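A quick write-up on the structure given underneath.
The values are calculated or read from the model by the stated rules, or taken from the named source; none is laboratory data. Here the structure is a predicted model, which means the values were calculated and not measured. Here Cβ is always computed from backbone atoms with ideal geometry, including for glycine, and neighbour counts include all displayed protein chains. The protein model used for the area step is the full one, side chains on, heavy atoms only, and it has no ligands, DNA or RNA in it. Shrake-Rupley method; radii C 1.70, N 1.55, O 1.52, S 1.80 Å.
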Amino acid sequence: MPWERPANVPFPNVWWTFEAPDPDREDGALVTYRVEDLTEDRFDDAIKLYTEHFLDDEPLCSYGRVRHIPASYEEMLAFWHYLLSEKFTIVCYKEGSKEMVGANLLSVKMASDKHDVTDLIKTESMQKLVAVNEYMTDTVNLFERYGVDKYLTAYGLSVNSRYRGRGIATEILKARRPICRAFGLRLTSTNFTAIGSQIPAAKVGFKTDLEMQYDEFVKVNPTYTFDGIKSKSLKLMSLPIE
């Protein structure tokens with residue numbers, strides 16, 4: 001069975017607050033932001049954020065033209081809705097505003113979980129995306145390396161383009177620690193596909209378990225070609241929780 005959010009953990013919950021520049025202030029004044037659980041009434045807004053500020057920017061999705069191939073986009077939508085229903089996704093808001101600043105699609109991966117939503121993936125662009133991500137985690141075997149039977153993972157970190165360059169991604173990632181502690185998880189690990197997420201992850205304390213240059217994946221499988229992709233490498237990075 002998929003792991004379920006503990007009943008004793010409040011929902012929704014504010015996991016992290018921080019100050020960062022306000023894009024609506026010409027003087028660059030700091031304003032308070034909060035990172036909290038995504039509630040069902042904002043699901044459509046989260047889908048809009050990822051459609052408009054993630055699919056054409058994230059290297060693998062952009063390379064596979066996921067947003068522009070109807071069948072691939074429908075598969076991605078189905079996957080997103082599945083993740084949102086788990087009640088692990090977090091979002092960032094600016095204090096006093098309902099505008100969605102950013103989000104992170106979180107999920108808990110278990111060693112004993114045999115349920116695989118990738119069975120629903122049929123389009124070539126999505127299959128390649130899933131395959132290279134699974135190659136990373138299968139190669140490392142995080143359960144053995146860190147001695148855990150479950151860990152917090154993620155399937156997309158997005159920041160509204162209007163708010164980029166303000167350290168928002170780093171602050172959203174900082175919420176991983178209090179979330180893991182509340183859920184009783186000793187590890188969080190993610191495949192970070194671009195420098196724009198790899199640098200914030202390193203700042204928070206994530207360490208690289210495995211790095212693969214995109215042009216090296218063809219050695220794994222001749223069909224895993226990424227000529228012209230907008231990123232240098234894919235990094236599997238982990239953060240043990242004390």
Q. What's the number of the condition T225 fails, among (1) open to solvent by 30 Å² or more (accessible area, probe 1.4 Å); (2) in a helix (DSSP H, G or I); (3) farther than 30 Å from F183 by Cα?
A. (2)
Q) Which of the following residues is touching a Phe, Trp or Tyr at 6+ places or on another chain (Cβ under 9 Å) and either at pLDDT 95 or above or open to solvent by 20 Å² or more (accessible area, probe 1.4 Å) (or both): Y155, Y146? A) Y155
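To keep it simple, each residue is scored yes or no on (1) more than 16 Å from K98 (Cβ to Cβ); (2) among the hydroxyl-bearing types (S, T, Y).
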{"residue": "W3", "(1), (2)": "yes, no"}
{"residue": "P6", "(1), (2)": "yes, no"}
{"residue": "V14", "(1), (2)": "no, no"}
{"residue": "E26", "(1), (2)": "yes, no"}
{"residue": "L38", "(1), (2)": "no, no"}
{"residue": "Y50", "(1), (2)": "yes, yes"}
Q.
Within the stretch 107-121, does at least one residue satisfy the condition of being closer than 19 Å to N160 by Cβ, of a type outside the set (S, T, Y) and either within 16 Å of the chain's Cα centre (by Cα) or surrounded by 13 or more Cβ atoms within 10 Å (Cβ to Cβ) (or both)?
A. no
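Considering only the stretch 33-61, state which residues are aromatic (F, W, Y), assigned to a helix (DSSP H, G or I) and over 15 Å from the mean Cα position of the chain (by Cα).
Matches in the stretch 33-61: F43 only.
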**Q.** Qualifying residues in the stretch 56-89 (those that are out of contact with any strand residue (DSSP E or B) (no Cβ under 9 Å at 6 or more places or on another chain) and closer than 22 Å to R162 by Cα) - the one surrounded by the fewest Cβ atoms within 10 Å (Cβ to Cβ)
**A.** D56
Q: Among what's in the stretch 2-16 and is touching a helix residue (DSSP H, G or I) at 6+ places or on another chain (Cβ under 9 Å) and not in a loop (DSSP other than H, G, I, E, B), pick the residue that is least open to solvent (accessible area, probe 1.4 Å).
A: W15
(Q) Need pairs with beta-carbon distance below 6 Å; first residue free of Cβ contacts under 8 Å to residues at least 40 places away in the same chain and within the stretch 127-155, second part of a strand (DSSP E or B) and surrounded by 18 or more Cβ atoms within 10 Å (Cβ to Cβ); sequence gap 6+ or separate chains. (A) V148/L187
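Report the residue count in the stretch 198-222 for those that are part of a helix (DSSP H, G or I) and of a type in the set (K, R).
So in the stretch 198-222, the residues part of a helix (DSSP H, G or I) come out as 198-204, 214-219.
Keeping just the survivors that are of a type in the set (K, R) gives 203, 219.
Number of matching residues: 2.
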